[in-house]
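The values are calculated or read from the model by the stated rules, or taken from the named source; none is laboratory data. Since we're looking at a predicted model, the values are computed, not measured. Virtual Cβ from ideal backbone geometry, glycine too; neighbours counted across all protein chains shown.
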């Protein structure tokens, strides 16, 4: 199982702040593509964190990971 | 009459915070030289303000002016 | 002190975290909610965060600063939830024996917060609302009928 | 607000002078009395000023800042008299819609204060006392038998 956290406009668009995905071997790039296909949002500017660490497109997601989809931040 | 104000180490050396000088036509450079000759302190790093405005060596001092001898400042 | 809070920030308290006998210089940055951005008037802001990650990112920025400027001390507090005009959203205090380090390290902190720390603000304007899109505030993700135009 | 005072400085009060609805960024510099400078231990400081000129120089620095960075507001307060370790000697607050301006203008203020404003500090060390010689604190006018060695 992979837990996917959504924030800000992504959360509003999907209508959920959390999604559960059955585990399958996939990279960050694969996940972004799946999300884009399913929920019709652009992921070009979205950063991904795996277990609270920013991850690169080629990083693999493992079973049990918490994956956050992080749209451009605007704190401060 | 010219009033001369002294601060910090200059005040300590001369033992006065104010000197009165009979008026005579003189420039800032002239005054510095007089002070140096009379009170034996170096005026190389001393800035001079006439009526609370920094003055250049060639500026003339006028009767009634308040002239401050300003050693290197160290506020902040 | 690196924290995400939902209650008003005491700037004094944040500064006190970094002041000590051998720090002659303390530079503080305070970010407040601005009313006007160009012609647009903000009514209030709603900040949300990925809290656990935001906290650990703030600590990491603090750690990086202490590595780059070894004699500094750093405290950062960011507020989330609903903020009104004039409210303090973030306070960053850096102390150092050297003022140049304090300015530079403080600047480093806010620039990195604006790029990396997972906190988002939703602006509520007189004529609508939107999630502010990126750290430079040049891109906006405008909500229209529930679907963002990107 | 540009002032020379003999009583403790309230940083909060200085910041409040510049905070307003359209200033999203407030940068504050606080200079405190440091205990150790290298190996030397300070017991306390005595600040003196050419007060009337110092006040007008602070105002002028404020005016220059508002000319260079038009949307800023500035407040500067410097304390004189006897200050103990940890006491606040100077507080400078600058607000601006733009954080870069607030940092730069604040830095401009402290650099100009340290070069131009007629305020002097006499350090009282464990092993003597001296007037600190220039703004970079690299030259000291050491008192020896009443005659400074320059």
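Remarks
- Considering only residues in the stretch D:21-45 that are modelled with pLDDT under 95 and closer than 28 Å to residue C:85 by Cβ, the one that is farthest from the other protein chains (Cβ to nearest Cβ) turns out to be D:23.
- Of the residues screened, residue B:1 is not one that is within 13 Å of chain D (Cβ to nearest Cβ) and touching a residue at least 40 places away in the same chain (Cβ under 8 Å).
- In the stretch A:48-72, the qualifying residues are those that are at negative phi, within 14 Å of another protein chain (Cβ to nearest Cβ) and in a loop (DSSP other than H, G, I, E, B), and the one that is nearest to the chain's Cα centre (by Cα) is A:71.
- Residue B:45 passes every criterion in (1) touching a residue at least 24 places away in the same chain (Cβ under 8 Å); (2) more than 8 Å from chain D (Cβ to nearest Cβ); (3) closer than 24 Å to residue D:110 by Cα apart from (2).
- Residues in the stretch C:74-103 that are crowded, with 19+ Cβ neighbours inside 10 Å, out of contact with any helix residue (DSSP H, G or I) (no Cβ under 8 Å at 6 or more places or on another chain) and either away from chain A (no Cβ under 14 Å) or under 22 Å from residue D:36 (Cα atoms) (or both): C:101, C:102.
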